[in-house]
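Before any comments, here is the structure.
Here, each number is a calculation from the coordinates, and none is a lab measurement. As the structure is a computational prediction, the values presented were derived from the model and not from experiment. Here the Cβ positions follow ideal geometry from the backbone for every residue, glycine too, while neighbour counts run over all protein chains shown.
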Amino acid sequence: MVEAAAELAHAGSADPVRGSAWITGQLRQAILAGRYAPGEKLPAERQFAAAFAASRATIRTALSRLETEQLVMRRPGAGTFVHVAAGGGNDEVAELTSPLELIEVRLGLEPNMVRLAVLNATGRDIERLASAIERMEAAGGDSESFTLWDEEFHQLIAAATRNPLMVWIYRKINDVRTHSQWNAMKSKVLTPQRIAEYNEQHLALYEAIRTRDIEAAVAIVTNHLHAARRQLMGANLAQAAQPQ
């Protein structure tokens, strides 16, 4: 984390005036580009102050601006964390989008997303993905916990593309997954057996990214999403067949 801050400061070393607005811009760009993962704790104010050669008051002002933008969340006594739902909004679109429509969008996006992740992921990205895999598996058959870590796993893949627009788009996708239509379908689709199957697929996808196997990564995520689409269609048909 400190290394990332130092890189940012070095990138702007030609600018002798390091005001809070400039530092806010550097940190905003880093978050949107995925250099700091959703939920990740940022370096302490004193570390940022040293990296940017600025006062702690200036750093505090920059972090306050990011908090206003809902890119970070400050927890007293714990530190400052990247906001998992950073870049939210468009609630109306999220509410109107059905789970099946969401899967169709993901099918159009994620094969190319994992291709970029295989090409651009750093060692730090691989470590983050491994940690998310462990947490998904630790969730067992609990659909709520699994959903949270599943969202983070795919968001981390977006971050590994090193493409800020991809990171932003995937935040929108995860935002849809927090709304009522998906929540209503979740208990019907995410059975303990299915969660175990998804964990196996996620592990295979992680291994493909780790070993830089583009063809395998694309095939795994495509098959994963087609399977999820079939399961959603089956759940919709079962729901429609129930007597009113």
Q. Based on the Kirkwood radius over alpha-carbon pairs, what is the Stokes-Einstein translational diffusion coefficient of segment 105-160 at 4 °C with 1.567 mPa s viscosity, in µm²/s?
A. 110
Q) Short version: ³J(HN,Hα) in whole Hz for each residue of segment 195-210, in order, from phi by Karplus 6.51 cos²θ - 1.76 cosθ + 1.60 (θ = phi - 60°), x for Gly and Pro, what are they? A) 4, 4, 5, 5, 4, 5, 5, 5, 5, 5, 5, 4, 5, 5, 5, 4
Q. Of I103, I126, F146, which is farthest on the positive side of the dipole of segment 99-147, counting Cα position, with +1 on Lys and Arg Cβ, -1 on Asp and Glu Cβ, and the Cα centre as origin?
A. I126
**Q.** Cα-centred dipole magnitude for segment 160-237, charges only on beta-carbon of K, R (+1) and D, E (-1), debye, nearest 20
**A.** 320
Q.
Less than 14 Å apart at the alpha-carbon level, and either on another chain or at least 8 residues along: which aspartates and glutamates does that give for K188?
A. D142, E144
Q. Charges only on Cβ, +1 for Lys and Arg, -1 for Asp and Glu: so what's the dipole of segment 146-196 about the Cα centre, in debye to the nearest 20?
A. 120
**Q.** Using θ = phi - 60° and Karplus 6.51 cos²θ - 1.76 cosθ + 1.60, couplings along segment 71-77 (whole Hz; Gly, Pro as x)
**A.** 8, 9, 10, 9, 10, x, x
Q: Sort out for me the Cα centre separation of segment 36-58 from segment 147-219, rounded to whole Å.
A: 29
Q. What full-extension length gain, to one decimal in nm, is calculated for W22 and W168 as 0.36 nm per residue of separation minus the Cα-Cα distance?
A. 50.5 nm
Q.
Apply the Karplus curve 6.51 cos²θ - 1.76 cosθ + 1.60, θ = phi - 60°, to the phi angles in segment 37-51 and return the couplings in whole Hz, x for Gly and Pro.
A. 6, x, x, 6, 6, 7, x, 5, 3, 5, 6, 4, 4, 5, 5
